[in-house]
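These notes concern the structure reproduced below.
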């Protein structure tokens, strides 16, 4: 992850202290924040996610932007996967690409 490499560099150069690194995001930034803390929670001393998307499988059927869910789950192939009603396989992929799927890895202190 490029973002994490940037953190490592600023720590290496003494610009930032590893004991003071935090992450925060709103909406899509909250989605990214929850992914970061679910996959690398040991890097951050604090995190705040405001209005995050945490579960694409739940969101896809209730949002006015289901295409965004497909892009997050399928990337550039999303236009070939988008359907009116997601298949069970799509719902599984949405869940697996969601921050909620990493919940068991989140650490708190």
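The values are calculated or read from the model by the stated rules, or taken from the named source; none is laboratory data. All figures in this text were calculated on a predicted structure; none of them were measured in a lab. With ideal geometry, Cβ positions are generated from the backbone for all residues, glycine too; neighbour counts draw on all protein chains shown.
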Odd one out for residue 107, checked against (1) part of a helix (DSSP H, G or I); (2) surrounded by fewer than 18 Cβ atoms within 10 Å (Cβ to Cβ); (3) touching a helix residue (DSSP H, G or I) at 6+ places or on another chain (Cβ under 6 Å): (1)
Those residues of region 27-60 which are within 29 Å of residue 84 (Cα to Cα), assigned to a loop (DSSP other than H, G, I, E, B) and touching a helix residue (DSSP H, G or I) at 6+ places or on another chain (Cβ under 9 Å), in sequence order: 51, 52, 53, 54, 55, 60
Selection status of residue 44, within 20 Å of residue 106 (Cβ to Cβ), free of Cβ contacts under 8 Å to residues at least 24 places away in the same chain, outside the structural domain of residue 101 (by TED's automatic domain parsing) and buried (at least 18 other Cβ atoms within 10 Å of the Cβ): yes
Any pair with Cβ under 8 angstrom, 6 or more apart, that starts in region 97-109 at a residue that is under 14 Å from residue 40 (Cβ atoms) and ends at one that is assigned to a loop (DSSP other than H, G, I, E, B): 99/52; 99/53; 99/54; 99/55
Every residue from region 72-84 that is within 21 Å of residue 100 (Cβ to Cβ) and either without any contact (Cβ under 8 Å) to a residue 12 or more places away in the chain or touching a strand residue (DSSP E or B) at 6+ places or on another chain (Cβ under 6 Å) (or both): 75, 78, 81
Test: residue in region 17-28 that is touching a residue at least 60 places away in the same chain (Cβ under 8 Å), surrounded by fewer than 13 Cβ atoms within 10 Å (Cβ to Cβ) and not assigned by TED's automatic domain parsing to the domain that holds residue 100: no
